[in-house]
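J.: Below are the structure tokens for one structure; questions will follow.
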Amino acid sequence: MVVLVTGSSGQLGQSLQFIAPNYPQIEFVFCNSATLDITALNNVKQIFKQCKPNFCINAAAYTAVDKAESEPEKARLINVVGAKNVAEACKEHNTILLHISTDFVFDGNKQSPYLEEDLPNPIGVYGQTKLDGEVEIQKTWEKYFIIRTSWVYSQFGNNFMKTMLRLASERDSVSVVNDQIGTPTNAVDLAEVLLKIITSNQLPSTSYGIYNFSSEGQCSWFDLAKKIFEVKNIKITLLPIPTTAFPTPAKRPKYSVLDKTKILKTFGISINKWEVGLISSRIFKQEKK
């Protein structure tokens, strides 16, 4: 079985490389943007022709939420055109596509966990381009799993967890937003779920579609920062602030907790609570990479 992974230098791509040795039955082909530029259809088709993947995990994306507001064309090129290109190549080679999407497709006005069937309503460029990418995939190829996830962090790349640890080494106090609610997700846990789907014995056509995946539970960014410092035994003054006190170019959903019932029932997976996922991150085991 051959699994092609795009965006291999990102958080999820590196997390997949980290756990790949645990799946000897899979031949992984990891491609970064220099090797496989998803915005270039000929490049995409060339790589697919070379490795003939049974599955493709499209982890390549434009994820700079604030920068997307000033670079909408670039975000659209990667998140929409790129997603369509990958879907076209998957269709040509009968490759099953696993595409990563986001909680940012929702506006955050709901007060209970979002279901896959809830009406998307992005409030920023990033969320809109990710939603448009989902639509292009659905129009192009029927064998897809679109996985919406949230608040991803890991020992790899840049993310909130690593930012908090850096700030704690530079300051005596840190102010963190406490009125945005969501669920932190360890990228390694997300990677494991993707491979669980791929290695499932049964993938009936009825299982294709959109799925939510994140850790269990919910918290604010303030709660997450507090837990990070607690686990690392860092003494620091942590100040809760409202979103209005920390203006950013892009609006964030105030509430973006995802309901995981569908993925639980379909694939029989177990999902860690967000606190467990945080503690299990290798950055807390002094094994930084």
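The values are calculated or read from the model by the stated rules, or taken from the named source; none is laboratory data. Just so we're clear, the structure is a prediction, and the values are computed from it rather than from any experiment. So basically every Cβ, Gly included, is an ideal-geometry build from the backbone, and we count neighbours across all protein chains shown. In case anyone asks, the SASA skips ligands and DNA or RNA and just uses the protein heavy atoms, side chains included. Shrake-Rupley method; radii C 1.70, N 1.55, O 1.52, S 1.80 Å.
Yes/no matrix, rows are residues, columns are (1) more than 23 Å from the chain's Cα centre (by Cα); (2) open to solvent by 30 Å² or more (accessible area, probe 1.4 Å):
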{"site": "S205", "(1), (2)": "yes, yes"}
{"site": "Q218", "(1), (2)": "no, yes"}
{"site": "N233", "(1), (2)": "yes, yes"}
{"site": "F246", "(1), (2)": "yes, yes"}
{"site": "L258", "(1), (2)": "no, no"}
{"site": "K262", "(1), (2)": "no, yes"}
{"site": "W274", "(1), (2)": "no, no"}
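J.: Given the conditions (1) at pLDDT 95 or above; (2) assigned to a helix (DSSP H, G or I); (3) open to solvent by less than 60 Å² (accessible area, probe 1.4 Å), and given that D223 satisfies all but one, which numbered condition is not satisfied?
T.: Going through (1) at pLDDT 95 or above; (2) assigned to a helix (DSSP H, G or I); (3) open to solvent by less than 60 Å² (accessible area, probe 1.4 Å) one by one, D223 breaks only (3).
J.: Another one. Only residues in the stretch 236-253 that are farther than 18 Å from G127 by Cβ count as the first member; pair them with residues that are at pLDDT 95 or above and open to solvent by 60 Å² or more (accessible area, probe 1.4 Å), Cβ under 6 angstrom, at least 6 apart or cross-chain, and list the lot.
T.: L238/K226; L239/S175; P240/N178; I241/S175
J.: Also, quick follow-up: Counting only residues that are more than 15 Å from the chain's Cα centre (by Cα), more than 22 Å from E216 (Cα to Cα) and touching a residue at least 60 places away in the same chain (Cβ under 8 Å), which one in the stretch 142-170 is surrounded by the fewest Cβ atoms within 10 Å (Cβ to Cβ)?
T.: This residue is E142.
J.: I'd like to know if the stretch 92-99 contains one or more residues that are open to solvent by less than 80 Å² (accessible area, probe 1.4 Å), in contact (Cβ under 8 Å) with a residue 12 or more places away in the chain, touching a Ser or Thr at 6+ places or on another chain (Cβ under 8 Å) and at negative phi.
T.: no
J.: S270 passes all but one of (1) open to solvent by less than 80 Å² (accessible area, probe 1.4 Å); (2) assigned to a loop (DSSP other than H, G, I, E, B); (3) of a type in the set (S, T, Y); (4) modelled with pLDDT under 95; which number fails?
T.: Exception for S270: condition (1).
J.: Give just the number: which of (1) within 19 Å of the chain's Cα centre (by Cα); (2) crowded, with 23+ Cβ neighbours inside 10 Å does N32 not satisfy?
T.: Single failed check for N32: (2).
J.: Between residues in the stretch 210-222 that are in contact (Cβ under 8 Å) with a residue 40 or more places away in the chain and more than 17 Å from L115 (Cβ to Cβ) and residues that are in a helix (DSSP H, G or I) and open to solvent by less than 40 Å² (accessible area, probe 1.4 Å), which pairs lie under 8 Å by C-beta distance while being six or more apart or on different chains?
T.: S215/D189; S215/W274; S215/G277; G217/W274; C219/W274
J.: Please go through the stretch 258-278 and give me each residue that is under 16 Å from S200 (Cα atoms) and among the hydroxyl-bearing types (S, T, Y), ordered by number.
T.: T266, S270
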